[in-house]
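The values are calculated or read from the model by the stated rules, or taken from the named source; none is laboratory data. Values in this document were obtained by computation on a predicted structure and should not be read as measured data. Counting neighbours? That spans all protein chains shown, and the Cβs are built from the backbone with ideal geometry, glycine included.
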Amino acid sequence: MLPDNDMRFNASGQVWLDKLVVQHASDASRLLQILLQVQERFGYIPHQAISRLAEKLTIPLARIESVASFYSFLHLQPHGEYRVLFSDNITDRMLGSQALMDQMCQLLWLQPGRVSEDGLVSIGPTSCTGMCDQGPALLVNGRAITCLTHQRVQEIAQLIRNRTPLADWPADFFRVEDNIRRGGLLLDNKLSPGAVLHAAVALGGDAIVEQVKASGLRGRGGAGFPTGMKWEACRKAAGKERYVVCNADEGEPGTFKDRVLLTQQADLVFEGMTLCALAVGARKGFLYLRGEYRYLLEPLQAVLQRRRKDNLLGNKILGKSGFDFDIDIHLGSGAYICGEESALIESLEGKRGVPRSRPPFPVTHGYMQQPTAVDNVETFCQAALALHMGADKYRAVGTEKSSGSKLISVSGDCPRPGIYEYPFGVSVREVLQDCGAVNTRAVQISGPSGVCVPESEFGRKLGFEDLPTAGAFMVFDDSRDMFEVARNYVHFFAHESCGFCTPCRVGTSMLKQTMDKIADGHGTQYDLKEIENLDRVLQTSSHCGLGRTACNPVLHTLKHFRPAYENRLKSLMFSPAFDLDGSLARARQMTGRDDAGAHLKEME
């Protein structure tokens, strides 16, 4: 028998779905956006809706099911009227998120990962929500709630028991602070909407590219590819159309700077995208917004509409004939891998977010196999600033190989977490002093895939010459167990692997099992050596960067904090992950025997 929601779909949902497909121009590349709206209406994606979509979009039913099963925020089965997801990022754990989730489960008589018998609620963990500066945090039906306490959890549980609509929950629950602690070129700018664009229209595409190249601007996503070179390659590439894509899918744990820029500097983000469009000759742009930032969708759409009204988007922008450009916002749905640019493009096309083989690169074969310039939120803002300031003035900020400023997302063991902006070249120690951190044991730069910096290296500097970073700056004081920090990161990678390639799919799972084995007291020196061997395999054979960096947190903490591992090891050279003697405990209890002969002997 079909669930009630499927019955309702039969009656009126089909009419609604047909209208929805028409709104999306029956375009299969809009599949993910359609599925998100279906889930918002029904609470999950009914099978009959999938069948109807396959008919209306003229695509195989298997493709729709494949896409729906890929993204962690999409569900093919009911997950309750209230879907509660506690952030499982390491900083949230440090603030007590696990105890808060256990408390809510007890209050609602529910086990994690299960749906209540009455279909009211489900509770479980999710990866980083981008609220690391104000955790612990959770998502309820996609809405972020920050600064959780035991009192707030009790209030939320009562609201759920009373079936109070989310719209009637206290507004204070959903308040997200920007926590800007230190401004600079970007955060303190007072540019009015269109100011840079007015000046750039007179320059033309070639001159814009040359100025961005001369500024020395490099991508702020961590890899640091020269932005001007990327735009130039896209401009010169052969293709019928060109596209501009803003990567706002900052899923790296510990990173939340784009969230603040999209809140405080949305006009500058769209200005940078429009400048890029003028430079490369694009008529269409996309902002790919991570699903955890769903609450920003309507405000961002309002900014776009205002810019269209002010002739800063649309046809003949600022009266320039042939300068036609507009921007759509696409929502992600809980897939960290979509932060990789080619996986993001696959998702934009309504597919599973699986990274493409490269080359070819997006600048020649991107969205719809056309030339595409993909940059992140901060890069587009910095590009607009560089054009406004002029190449020489912009290049004078920062260091020789790292021009301009950088936004840092500071979280963890410090009294002033939040967003800090510095010229490139700032030392780790300076940031720690500014955020008030004391007794710091280590700092994780650029998230789990980045670098763990111990106290002896706090003089190192942020910049492409030394410590390149996407922005995460996670602080751990001397009370923290760096083994458990690395273990949390390893679980994150195993969960977020897209599963496309065997080395990453199997390798991240093996790494997770090994760390769990060590945590359970069954590890040996052999396991530590095997982690190094596993890293070599992942480095040489993984399809994308997720697999190639998955061992980083373990290798870096092993290098600097080896006792945290060795104190957990057994003296045996080898210990199986399966504890055979432990498994016989029930048999010993049943037979009433617990003497030495009833135990397996360990060989030293």
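Odds and ends about this structure:
- Those residues of region 349-397 which are in a loop (DSSP other than H, G, I, E, B), of a type in the set (D, E, K, R) and at pLDDT 95 or above, in sequence order: E349, K351, R352, R356
- Matching residues in region 151-184 - criterion: being without any contact (Cβ under 8 Å) to a residue 24 or more places away in the chain and farther than 20 Å from P136 by Cα: N162, T164, P165, A167, D168
- For region 262-295, the set of residues classified as free of Cβ contacts under 8 Å to residues at least 60 places away in the same chain, aliphatic (A, V, I, L, M) and in contact with a Cys (Cβ under 8 Å, 6 or more places away or on another chain) consists of L287 only.
Residue by residue, here is whether (1) crowded, with 18+ Cβ neighbours inside 10 Å; (2) out of contact with any strand residue (DSSP E or B) (no Cβ under 9 Å at 6 or more places or on another chain); (3) of a type outside the set (G, A, S) holds:
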site	(1), (2), (3)
K190	no, yes, yes
A195	no, yes, no
H198	no, yes, yes
V212	yes, no, yes
R235	yes, no, yes
A238	no, yes, no
V269	yes, no, yes
A279	yes, no, no
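- Cβ-Cβ distances below 8 Å connect the following pairs, each with a first residue in region 554-565 that is in contact (Cβ under 8 Å) with a residue 40 or more places away in the chain, a second residue that is part of a loop (DSSP other than H, G, I, E, B) and surrounded by 20 or more Cβ atoms within 10 Å (Cβ to Cβ), and a separation of six or more residues or different chains: Y565/G523.
- Any hit, region 333-344, residues being more than 20 Å from V196 (Cβ to Cβ), surrounded by 19 or more Cβ atoms within 10 Å (Cβ to Cβ) and charged (D, E, K, R): yes
- Among the criteria (1) over 30 Å from T399 (Cβ atoms); (2) out of contact with any Ser or Thr (no Cβ under 8 Å at 6 or more places or on another chain); (3) at pLDDT 95 or above, the one G521 does not fulfil is (3).
- Qualifying helices (runs of 4 or more DSSP H) (wholly inside region 246-343; at least 1 residues being at pLDDT 95 or above, β-branched (V, I, T) and within 21 Å of the chain's Cα centre (by Cα)): 257-264, 266-280
- Taking the criterion of being over 25 Å from the mean Cα position of the chain (by Cα), over 17 Å from G119 (Cβ atoms), part of a loop (DSSP other than H, G, I, E, B) and not hydrophobic (A, V, I, L, M, F, W, C), the only residue of region 158-177 that qualifies is P170.
- Of the residues making up region 456-483, those that are part of a helix (DSSP H, G or I) and either at pLDDT below 95 or buried (at least 16 other Cβ atoms within 10 Å of the Cβ) (or both) are E457, M482, F483.
- All positions within region 194-226 that are more than 18 Å from G404 (Cβ to Cβ) and β-branched (V, I, T): V201
To keep it simple, each residue is scored yes or no on (1) within 18 Å of G205 (Cβ to Cβ); (2) surrounded by 19 or more Cβ atoms within 10 Å (Cβ to Cβ); (3) among the aliphatic types (A, V, I, L, M).
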position: S357; (1), (2), (3): no, no, no
position: P360; (1), (2), (3): no, no, no
position: D375; (1), (2), (3): yes, yes, no
position: F380; (1), (2), (3): yes, yes, no
position: A386; (1), (2), (3): yes, yes, yes
position: R395; (1), (2), (3): no, no, no
position: I408; (1), (2), (3): no, yes, yes
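- Test: residue in region 302-321 that is charged (D, E, K, R) and either closer than 19 Å to A223 by Cβ or not assigned by TED's automatic domain parsing to the domain that holds G219 (or both): no
- Listed by first and then second residue, the pairs with beta-carbon distance under 7 Å, at least 6 apart or on different chains, first residue in region 304-331 and farther than 14 Å from T274 by Cβ, second aromatic (F, W, Y), are H330/F286; H330/Y288.
- For region 505-547, a tally of residues being touching a Gly at 6+ places or on another chain (Cβ under 8 Å), charged (D, E, K, R) and free of Cβ contacts under 8 Å to residues at least 60 places away in the same chain returns 1.
- Scanning region 497-513 for residues that are of a type outside the set (K, R), surrounded by fewer than 22 Cβ atoms within 10 Å (Cβ to Cβ) and either assigned by TED's automatic domain parsing to the domain that holds G447 or in a helix (DSSP H, G or I) (or both) returns T502, P503, V506, S509, M510, Q513.
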